[in-house]
Structures are given as structure tokens and as C-alpha cells.
Amino acid sequence: MCGIVGYIGEKQAYPILIKGLKRLEYRGYDSAGIAILNGELNTFKKIGKVSELEEYVKDKNINGNIGIAHTRWATHGEPNDINAHPHNSQSKNIAIIHNGIIENYSIIKDELIKRGYKFSSETDSEVLAYLIEDILKNVKNDLAEAVRIALNQVIGAYAIAVISKNEPDKLIVAKKGSPLVIGIGKGEFFIASDATPIVEYTKDVVYLNDFEFAVIKKNEELDIRTISNKRQTPYIQRLELELSQLEKGGYEHFMLKEIYEQPRSIRDCMRGRINAEEDFVILGGISDYEQKLINAKRIIIIACGTSWHAGLVGEYMLEDIARIPVEVEYASEFRYKNPIIYEDDIVIAISQSGETADTLEAIEIAKTRGATILGICNVVGSSIARATHAGSYTHAGPEIGVASTKAFTAQITILALLSLSLAQKKGTIKKSRFHQLLNELTNIPKLVEETLKTDDVILKIAKIFSNARNFLYLGRGYNFPVALEGALKLKEISYIHAEGYPAAEMKHGPIALIDQEMPTVVIATNRGTYEKVISNIQEIKARKGIIIAIVTKGDKAVKELADYVIEIPETEEMFVPLLATIPLQLLSYHIAVIRNCNVDQPRNLAKSVTVE
Ligand code: M6R
């Protein structure tokens, strides 16, 4: 889970690399480094954020037109200057950056140690640099060929970039499991883990496939081969990404910007997919699999973290109106539990980044057992988007804050569209009801705008509770996953312990925690199990607990009991998660800011979890 970036061309590499690292810092931010060729191979690395590397290299020789750079999220070896990338080979002639994990690194390392090599870091990546050098010395004195031979020996995942002092006219990249994109400029090339560092220079890109490597030289055509040495024709795609989407646009943090973008991102997610006049939903990306979906006896949703919470909302929706049994699985559990999968199962993988290692692996397992796999991803061209048979993009735009916000509501929007479409086609919903729901869904972006106006009230509540040590989040039915998501948001960015629970389960244990110190956030909107939730609130009040309630505008009963209320607009029960989530995102955000936490880059986390 790291970010890699590289450049080869006529320009100075350093400014491109450092800017690229800043764009990729969401992928990892415990150390960073850079290697530049200019007759010499100069490598500089520093623990900490990219800004610390920038400070460190101020008086160093950073001239050169070819370079590679890396921002790290530690897997093997603690974050420090030595374990930071790039890693040099023993002779210091080669530099490599790596995102992924070389699983058999210790076997290779032991072998190289026996041959007299001395390693300086604890990383798996350094082993690859040494292995390439060993092959260059003993097998084939050609960098591209040595990289290719080395990659045939490693087991694991990698996106790598390699440069060498002895072959200073080329940059070599390769991919398996971790993402790698090549930007094609005029006689120059950019490489990165995703397109964000590239978009300001060129919109023409090639996404490398697994087991492919490329030899990149300025002013020459891209030379792409498989690691079994079969030449490939580069498939050039045009990026739709805009530079403005990658900037904060006046907001203090990306997370806040992304929370406020939700009216637009939900609208973009629905764009072209709803025909309200003729009453139908079209999810073009999966239309070839429509009949399979209609016939499906079961849908299995696999995901992690916030995407898993969206999957739970999807379970309620699909079962409620399309009457299809749904199982929602943590991808990390699914992949190791010998799951029962039938050929007529539909597996839906949900992922913002499209790079989550556990979800990717779970897809592979489901595939080998013959299921149809659909994806709901935000990042276009991502590994999950390409590993699935078909899918729907969420079109939420780049999500840079590590805490997922607008991607979550966009994922729920797709699941709502899918549920409506299937319900209509299966005949499990009345025409008039379908029409009502579709109209309401179209209106959701406006209701989200209205919900965002609760921000001032939320800030006041955040100030009161920013020092709380624990929080409990409760909800029932559609609001149960919202409670889980609210708790996750608070934990990850404010480091306050929070638990999400189905409200009725509280009395089976967590009620023991309730006292005057612990705030309980209850999503108590006016549909479904409203009366039952009121009873749960009474149980908390009877134990002197503090209630922060998310209620429907105009509510009276909960207001009488709760200590603090946040009013959201009225909507259909199935769409409440799209509104109720927003105040919880804002509450976590404000608490984290008051506590002086790094909101966009919380400690120990990274945006895409590309390791197990
Ligand atoms: O990119 P994905 O949606 O597959 O990521 C899954 C989780 O890692 C992610 O949702 C994580 O829980 C977020 N930090 C939550 O805000």
C-alpha cells in the first residue's frame, strides 16, 4: 500500500516526482524517497511525510531527467530512512521502487546472503533490487531482461519501477496485483500508481496488466511485454479526470470537500441511469448480465470497511424490494473460509479504490467457482473493475481523504438503482410504488443539500463531545449499517473508540457501558422501527446515558427524550442512509479537527489497502 511515481523525458524529473508523491500521499505517508539519474544515481529517502523529504533534499543534487519516487505505508520493517524506498542494489547502480509484497523474499534473501550479499534494510523490496543485480552479473547483462527473469522468480504482488546508472536511457516498470499506469506525453513518459500525478501532463494513458512489464525510453514507442516475453500492443485510453477534482477547492480538508460534494456525486452517479418519465432504470455496465441477476437465487456481496457497510445497506434494499436473498461478507473472511458458491450465484464486489487486496482475492475465488462477478467501483480502470465480469462505476470523482464519504453514498445509490431495477423486472414491486421510489431517489441530491445545513448544529455538538473517550452508535433496519459507518468514521479520524450496534442488541451487552460519560448516537428517523428505537432510547435515558439523536424534521417524541437532536429531511425508509450518514460524517470530521488530528491522513491508515 504505497504510491509510486516516475518520469523519463527532457524535463527536470524532480518537480514532477515530488508533486506526484504529494498526489499519491493518500496511499501511504510514513516515509518517502526519490532516485534521480544524472550520470550518477542519487537516492534520497526520509521517514515522515513527503514535505519532510522535500525539506531534506533542498541542498542536494536533484538534477536529472529520469527519476523514480515512492511514498510508503510500511509492511516489512518499521518506517525509517533505511526501509524507505527507493532501494538500491548492493553496488548502488540500480534503484527500485515497489508497491506490493514479495511473499518469497526471505528464501531469495537467504540465497543471496549465501552468495555474499549484505542487506541494509528489512524490506522485501530491497531483495528484488539485489536479485536483479545478481542476474545482471551472472545471467544476462541487460537490465530489462534481468528484471524479467527476476520477476519470474518472485511470488507475490508488485508494481515496480527500476532505473540503472549503467543503462541511463530507460525506465523499466512491471505489474502484478498492484496498479500501475503509464502516461504518454510528447517524447516523455510518466508512471504512477494511479492517474492523479499524471493528469496535469497528459490524458493519454496505458494501464499495465498483470504479468506485463514495459521498457520506457524517451522519444520511443512503448515496449510492453509479458514476463514470458510476449510482445503486447499498448491499449491507450483517454483519462476523464480533471485536475480541479484533485484539489481542495477552498476547503480546509479533502474530507470536508468530499462531504460537501455529495449532492453532486450522487447526482453524477444517477446521471443517465434513470428515466423518470418512462419509469425505468438502466445500469448499462451490467445490462448483459440482467437476466442472470433476475434469475439469481442468491447475491453475495463482498467488500471491506465502509464499502462493506454499503453492502449491508444493499442487502436491506435488495431483500426488501427485489426479494433476492443477499449475504454480505467481509472479503478478508470470505477468501479463507472455503465459501459455498454456486454457478448461478451473483457476487457483487464493492470497492472505492478498486485495489483492495482482500476483495480482489475474494473475486478470484468466486471466479474459479464459476460465479458471475459484478463490480461497484469508483476508480475507473482499477484492478477490481478489470477483474470483474461487468460492473457499474459510482462516478463520485476522486476521493482523496482517507476516510471514505462520498464514495459510500454513491455505492448506496448504485445499490438502490440495482434494487429498483431488479424489483421492477422481477415484478416484486407495484408500478405505483416503483414510481414513487424512483421519484424520491431523484430528489435525494436536494435533500442531501438540505441535510448539509445541519453543519452548524453538528459543530456545536462536536465541541461538547470532542473529549469523550467512547461513543456508541445505534440504529435499526436500514439505519443499522449507518450506525456502523458512523462509528467507523469517528474511530478512524479522531481515534476515539466507537462501536456501532443494532439498537436492540444493546441490551445484550453494550448497555453495561452506558453512564453519564458516554454519548450514544441514535439514528431515530420516523419510519420502520421508529417506536422500537424510542424504547431503546428510553432504556439508555433510564441509565443516565446521553443521547445525540438523528431525527426526521418535525419529530416530537425523540426530541423529548434526547439531549441533542440533529434534524434531517423526511424521505423513504430505504433512502434514509443517504441522508443520515451525512451528519455522522460531519460529526467525526469536526471532532477530529477539534482534537487536532490529521483528518485526511489518519495515523496507520492508507487510502487503498493493497496488502492482506
Ligand atoms: O477501496 P475500498 O472501498 O475497497 O476500501 C475498503 C476499506 O479499506 C475502506 O472503506 C476503509 O474502511 C476506509 N478507510 C473507510 O473510511
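The values are calculated or read from the model by the stated rules, or taken from the named source; none is laboratory data. Worth saying up front: this structure is predicted, and the values here are computed from it rather than measured. Cβ sites come from the backbone with ideal geometry, for glycine too, and all protein chains shown count toward neighbours. Note: areas computed on protein heavy atoms with side chains; ligands, DNA, RNA excluded. Shrake-Rupley method; radii C 1.70, N 1.55, O 1.52, S 1.80 Å.
Worth a mention:
- The range 213-299 shape via C-alpha gyration tensor axes, a/c threshold 1.5: oblate
- Basic side chains Lys and Arg get +1 at the Cβ, acidic Asp and Glu get -1 at the Cβ, and with that the dipole of the chain about its Cα centre reaches some 80 debye.
- As an equivalent ellipsoid, the range 3-243 spans semi-axes of 24, 21, 17 angstrom, where each value is the square root of five times an eigenvalue of the C-alpha gyration tensor, largest first.
- Degrees separating the helix 530-541 axis from the principal Cα axis of the chain, which is the longest one: 80 degrees
- Computed over protein heavy atoms with a 1.4 Å probe, the carbon and sulfur contribution to the accessible area of the chain reaches 48%.
- Rounded to 10°, Cα long-axis angle of helix 455-465 versus longest principal axis of the chain: 80 degrees
- Share antiparallel - DSSP beta bridges, the chain, percent rounded to 5: 60 percent
- About its Cα centre, the range 3-243 has a charge dipole of approximately 280 debye under the convention of +1 per Lys or Arg Cβ and -1 per Asp or Glu Cβ, with nothing else charged.
- The C-alpha atoms of the chain define a longest principal axis, and helix 105-114 lies at about 20 degrees to it.
- Taking the Kirkwood radius as Rh and the Cα radius of gyration as Rg, the range 425-513 has a ratio of Rg/Rh equal to 1.11.
- The value for the range 284-385 of Rg(Cα) / (2.2 N^0.38 Å) is 0.97.
- Global geometry of the range 247-447, whether rounded, prolate or oblate, following the gyration tensor of its Cα atoms and the 1.5 cut on a/c: oblate
- Peptides 265-271, 430-436, ordered by how many other C-beta atoms sit within 10 Å of their residues on average, highest first, read 265-271, 430-436.
- Per residue accessible area of the range 3-243, 1.4 Å probe, in Å²: 40 Å²
- Calculation over all alpha carbon pairs of the chain in 10 angstrom steps from 0 returns a P(r) of 3, 17, 25, 24, 17, 10, 4, 0, 0 percent.
- The range 151-251: radius of gyration over Cα atoms, expressed as a fraction of 2.2 N^0.38 Å: 1.14
- In terms of the mean number of neighbouring beta-carbon atoms within 10 Å, the peptides 391-397, 150-156 order highest first as 391-397, 150-156.
- Averaged over its residues, the range 247-447 has an accessible area of 38 Å² per residue, based on protein heavy atoms and a 1.4 Å probe.
- Calculated [222 nm] ellipticity per residue, helices only, for the chain: -10500 deg cm²/dmol; basis is -39500 (n - 2.57) per DSSP H run with n ≥ 4, divided by all residues, nearest 500.
- Neighbourhood charge, 13 Å Cβ-Cβ cut-off, centred on Ile286 and excluding it, Lys, Arg +1 and Asp, Glu -1: +1
- Surface accessible to a 1.4 Å probe, per residue, for the residues of the range 453-599, Å²: 39 Å²
- Viscosity 1.306 mPa s, temperature 10 °C, Stokes-Einstein D of the range 83-180 from Kirkwood C-alpha radius, µm²/s: 121 µm²/s
- Kirkwood Rh, Cα atoms: Rg over Rh of the range 453-599: 0.93
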